[in-house]
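Since the structure comes first, as structure tokens, the remarks are kept for the end.
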Amino acid sequence: MEGKISAVESRPMKQTVSVAPPAAEFGKNPITQFFEWFGDLGLFFWQVARAAVTPPFEFRELFRQLDEIGSKSLPLVALAGAATGVVLSMEARYSLTRFGAKSLLPAAIVFSVIHETGPIITGLVVSGRVGAGIGAELASMKVTEQIDAIEASAVNPYRLLAATRILACILMMPLLTLAGDACGLIMGWVAQALVEPLSFHQFINNGFKGADFNDLLPPTFKTCVFGLIIGLIACFQGMRTQGGAAGVGRAATSSVVLSSLFVILADVVLVKIILLFFP
Amino acid sequence: MDTIEQITSQRRGSEQEDGAAVVAVAVKDLHKSFGSQKVLDGVSLAVKRGETLAVLGRSGTGKSVLLRLIIGLEKPDSGTVSIYGQDTGHLVLDQLGAIRRKMGFLFQHAALYDSLTVEQNVAFPLQHNQREMAKSEKDDRVRQLLAEVGMEAAMQKMPSDISGGMQKRVGLARALALEPDILLLDEPTAGLDPISSAEIDDLVLKLQEEHHMASIVVTHDLHSAKTIANRLALLDQGNVVIEGNFEELQESEIGFVKEFLKHS
């Protein structure tokens, strides 16, 4: 009898209150809308945080989301990581050979991947796949009154739908990043080994020479913040959707665009903080 | 099984005997606007336990909004909603949950979870509100509810695989899962053919008779309202124009009431 809650098809659109709020929005200037959006996002975050720490806990839905967001994103993250590793290897070889620093190639690849490209590529891939998925799913549930039905059944939708998805994003992002890093490093080595034979053991030894946990852990765990951003924005955009099928489309698009944008902006701040605390 | 007419007359009889019944739902001077559009403009109503009130009116007069305000899916701009004497206006989501456990809500389009089977839809409120209940007990309860609405055979079907009338039946079973004291029905017969509408009316009457709930039925179907309700309230321009039984509506000299009855 157990089942998952998600929207899989289009249903009759909600008629009652879907028209008035967007009409009211048209009258507001963009600056007011901008600040209202942040205010609403803050209130939404507060509702979700409060729901997440008070029982009953929705462990079953959380595990389902860990699978949905984590395992099902793995192939895409791995592929993106691998492609990045190959490109980095080719580009770095060209540049370093020009400046006579070819011996630094393994270190250049390793540091690039674990410091920046692995986390940011994973963040952007997950914001594309998961952000759009969550945004469209919750938006579809919203316009077909399924979220209202959850609420009417005395179940807190912030706890069941939002907290579980956001928490799953936060928990899975570092693991996906490690997987993306690993694929990037392996394919970076393959790309290098095809040009100039080098054992994987040698590649790793040279690459990690002088590196410590501060080079790996802070950049990896900064992706928890990316997970929070992706989950929060996608859930927020999905659950505030209005306006039928067009609204669902807008929610999916805005979830991806906004979460990608905020992941990049957050990265700027997080890199500065990491350099400050883990020089 | 009793005929619709027998049950209706029994209900009307019991209403007269039970004059001092507890007020289950009371709304007072309720105002609600969406942007510049005023939807409700000072609505006041009360429904006692065991009583069925039908809220009638033209499309867009705020009937569904009234139900959403009662269950707390919308917040009123002003005015109060009381459930068994408790004002729900200042309650947060989890506190509202305790009130909502006493209420069942049938949505206009049933709002079934489209990724869950019929059985899982009905089990949903039980799984999330009665976690201590044994699985076998929950399964039995779900089967009993689906049997009650005549949908036992469709347990494993998806909502997309059943008709609109059947979806309403499943929605009704889900609304009854927590054994509510108050039942809110939003257009239970809208979009259904006359036979399916009559079946839904029959079912609602039977359930009300068995469970003795306070019910509010929003509809624009006068025939359905006349069949299942003890009392009718007619909404126009965000306010109650008239409230009473069908005969009182028929005798009214108010222009809008006459026009509404004439075209129904």
Next on the checklist: Can you find a residue that is surrounded by fewer than 20 Cβ atoms within 10 Å (Cβ to Cβ) and within 10 Å of chain A (Cβ to nearest Cβ) anywhere in segment B:145-154?
Outcome noted: no
Next on the checklist: For segment B:183-197, which positions are of a type in the set (A, V, I, L, M, F, W, C), in contact with a helix residue (DSSP H, G or I) (Cβ under 8 Å, 6 or more places away or on another chain) and over 20 Å from residue B:243 (Cβ atoms)?
Outcome noted: B:192
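Residues checked against (1) part of a strand (DSSP E or B); (2) in contact with a Lys or Arg (Cβ under 6 Å, 6 or more places away or on another chain); (3) surrounded by 23 or more Cβ atoms within 10 Å (Cβ to Cβ):
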{"position": "B:28", "(1), (2), (3)": "yes, no, no"}
{"position": "B:40", "(1), (2), (3)": "yes, yes, yes"}
{"position": "B:44", "(1), (2), (3)": "yes, yes, no"}
{"position": "B:53", "(1), (2), (3)": "yes, yes, no"}
{"position": "B:56", "(1), (2), (3)": "yes, no, yes"}
{"position": "B:60", "(1), (2), (3)": "no, no, no"}
{"position": "B:67", "(1), (2), (3)": "no, no, yes"}
Checklist outcome for this item: The lone condition residue B:133 fails out of (1) of a type outside the set (D, E, K, R); (2) over 25 Å from the mean Cα position of the chain (by Cα); (3) at positive phi is (3)
Checklist entry - Residues that are touching a Phe, Trp or Tyr at 6+ places or on another chain (Cβ under 8 Å) and at pLDDT below 95: which helices (runs of 4 or more DSSP H) entirely in segment A:197-252 hold 1 or more of them? => result A:200-207, A:213-221
Next on the checklist: Name the single residue that is surrounded by the most Cβ atoms within 10 Å (Cβ to Cβ) among those in segment A:87-130 being farther than 26 Å from residue A:214 by Cα and modelled with pLDDT of 95 or more.
Outcome noted: A:130
Checklist entry - With B:181, B:201 as the choices, which residue is under 16 Å from the mean Cα position of the chain (by Cα), surrounded by 21 or more Cβ atoms within 10 Å (Cβ to Cβ) and acidic (Asp, Glu)? => result B:201
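How many residues does segment A:65-93 hold that are among the hydroxyl-bearing types (Ser, Thr, Tyr) and under 19 Å from residue A:116 (Cβ atoms)?
2
Just the residues that are within 15 Å of the chain's Cα centre (by Cα) and either within 14 Å of chain B (Cβ to nearest Cβ) or modelled with pLDDT under 95 (or both), please, taken from segment A:164-193.
Going through segment A:164-193, the residues within 15 Å of the chain's Cα centre (by Cα) turn out to be A:164-180.
Matches in segment A:164-193: A:164 only.
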Item to check | Filter pass, residue B:253 being at pLDDT 90 or above, outside any helix (DSSP H, G or I) and surrounded by fewer than 23 Cβ atoms within 10 Å (Cβ to Cβ) | outcome: no
Checklist entry - If we only count helices (runs of 4 or more DSSP H) wholly inside segment A:106-191, which ones have 1 or more residues that are in contact with a Pro (Cβ under 7 Å, 6 or more places away or on another chain) and under 26 Å from residue B:123 (Cβ atoms)? => result A:146-152
Item to check | Tally of residues being within 9 Å of another protein chain (Cβ to nearest Cβ) and touching a residue at least 12 places away in the same chain (Cβ under 8 Å) across segment B:123-138 | outcome: 5
Checklist entry - Of A:38, A:44, which residue is part of a helix (DSSP H, G or I) and either without any contact (Cβ under 8 Å) to a residue 40 or more places away in the chain or away from chain B (no Cβ under 14 Å) (or both)? => result A:38
Item to check | Residue under evaluation residue B:211, criteria (1) surrounded by fewer than 19 Cβ atoms within 10 Å (Cβ to Cβ); (2) within 12 Å of chain A (Cβ to nearest Cβ), criterion not met | outcome: (2)
Checklist entry - Out of all the residues in segment B:45-67, which are touching a Phe, Trp or Tyr at 6+ places or on another chain (Cβ under 9 Å) and without any contact (Cβ under 8 Å) to a residue 40 or more places away in the chain? => result B:65
Checklist entry - Does residue B:96 meet the test of being within 12 Å of chain A (Cβ to nearest Cβ) and at pLDDT 95 or above? => result no
Item to check | Single match in B:27, B:22, B:55 (criterion: closer than 17 Å to residue B:88 by Cα, hydrophobic (A, V, I, L, M, F, W, C) and modelled with pLDDT of 85 or more) | outcome: B:27
Checklist outcome for this item: Of those in segment B:99-108 that are under 19 Å from residue A:145 (Cβ atoms) and at the interface with chain A (Cβ under 7 Å from one of its Cβ atoms), the residue farthest from the chain's Cα centre (by Cα) is B:100
Item to check | Failed condition for residue B:75, given (1) closer than 18 Å to residue A:153 by Cα; (2) without any contact (Cβ under 8 Å) to a residue 40 or more places away in the chain; (3) within 11 Å of another protein chain (Cβ to nearest Cβ); (4) among the basic types (Lys, Arg) | outcome: (3)
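The values are calculated or read from the model by the stated rules, or taken from the named source; none is laboratory data. Keep in mind that what you see is a predicted model, and the values were worked out from it rather than measured. Cβ: placed from backbone, ideal geometry, glycine included. Neighbour counts: every protein chain shown.
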